[in-house]
1. Since LEU179 meets every condition but one in (1) in contact (Cβ under 8 Å) with a residue 60 or more places away in the chain; (2) surrounded by 17 or more Cβ atoms within 10 Å (Cβ to Cβ); (3) not hydroxyl-bearing (Ser, Thr, Tyr), which condition does it not meet?
2. Only helices (runs of 4 or more DSSP H) wholly contained in region 198-308 count here; list those with 3 or more residues that are within 26 Å of the chain's Cα centre (by Cα).
3. Restricting to region 295-313, name every residue that is within 22 Å of HIS250 (Cβ to Cβ) and either in contact with a His (Cβ under 9 Å, 6 or more places away or on another chain) or outside the structural domain of PRO278 (by TED's automatic domain parsing) (or both).
4. For region 1-70, list the helices (runs of 4 or more DSSP H) that sit wholly inside it and hold at least 3 residues that are free of Cβ contacts under 8 Å to residues at least 12 places away in the same chain and at negative phi; which are they?
5. When the residues of region 2-12 are narrowed to those that are exposed (fewer than 15 other Cβ atoms within 10 Å of the Cβ) and of a type outside the set (Ser, Thr, Tyr), which ends up nearest to the chain's Cα centre (by Cα)?
6. In region 182-221, which residues are buried (at least 17 other Cβ atoms within 10 Å of the Cβ) and within 11 Å of ARG158 (Cα to Cα)?
7. Testing GLU258 on (1) modelled with pLDDT under 85; (2) closer than 18 Å to TYR182 by Cβ, one condition comes back false. Which one is that?
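The values are calculated or read from the model by the stated rules, or taken from the named source; none is laboratory data. Since the structure is predicted, the reported quantities are computational estimates derived from the model, not experimental observations. Every residue, glycine as well, gets a Cβ built from its backbone with ideal geometry; the counts of neighbours run over all protein chains shown.
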Amino acid sequence: MSRFDRIYKIHELLKTARHPVPMRRFTAELEATRNTVTRDFEYLRDTLGAPLEYCREHNGHRYNPGAPVFELPGFWLSPGELHALLACEQLLENVQPGLIANRLAPLRDRVRKLLGESGHAAEQINRRVQVQPLQVRGVNSQVFDPVAEATLSQRCLRFRYQGRSGDPARERTVHPQRLLYYRSNWYLLAVCDDAGQLRLFSLDRISEPACQDRPSESLSDTDLDAFAASSFGIFGGAPTATAHLRFTPHAAQWVAEETWHPNQQAQWQGDGFHLWVPYSDSRELVMEILRYGPEVEVIGPEDLRGKVVERIRKMQGIYC
């Protein structure tokens, strides 16, 4: 039995017993030596703050009846739950280095200590749980931290933004609403003062962010959800069209199990697997379609089909 399990058992014995519990019962119940139980008593008393005392009159141990009711710390989880918590910390640290590392360092050390004392190797988490982000656009802490602070504290944020259109960088003042993590990259969903509307800003294109004293205006979750989820991918806004795609049976083995859009429709037909996807901006959708190469055909709309054909012709011009 691990120390973790023994501590839990000792606590239950002391909590439920009507009289002080003799040492022989502890050694029998825990299947441990007297020295081991004594060390567990010290850990309970000195580390966890239990009001554990020896009663000479009854030759046993008890919780001091005059002390406040003692319970194991709220963060008293099973080894499996502790491992799951460390795995979550590992995932978040891979998503954004430094995101919570400093804040959770004391808690992480406490978890590792508990796991070490329960006979479990916490270091196995780093080896057995790994995240391999692809096509990551790095965001340093000098940008991420002020953006996250403004978002969580509901304050306005000012920064310079260099879009991918090639236009000169512009200073923006925005009302942060949400941080979005999409395809291994971070985006800020915010109301832009200049545009007077919701906009998405890629954090890797932000520079010189600074939190403002002015409180930000908050939109309802309904409005934010509608913007973020109403169209395909990261391009928000109300859908303007619906793509009709036909996949070969081979590609459908994967596509049939994927969710491209919350409001998509799908159907098996005699000539393959058909998928209908609402979208607003076709750029990302075109990239997804090209990813399947000859395994997919755009049935409609004609404008989307034309954009895919145009990209294919340009590719053909490079290789032929």
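1. (1)
2. So the answer is 221-229, 282-291.
3. Once the filter is applied, which keeps residues that are within 22 Å of HIS250 (Cβ to Cβ) and either in contact with a His (Cβ under 9 Å, 6 or more places away or on another chain) or outside the structural domain of PRO278 (by TED's automatic domain parsing) (or both), region 295-313 yields GLU295, VAL298, ILE299.
4. Per the criteria, 23-30, 34-42.
5. So the residue we want is ASP5.
6. Of everything in region 182-221, those that are buried (at least 17 other Cβ atoms within 10 Å of the Cβ) and within 11 Å of ARG158 (Cα to Cα) turn out to be ILE206, PRO209, CYS211.
7. (1) is the only condition that GLU258 fails.
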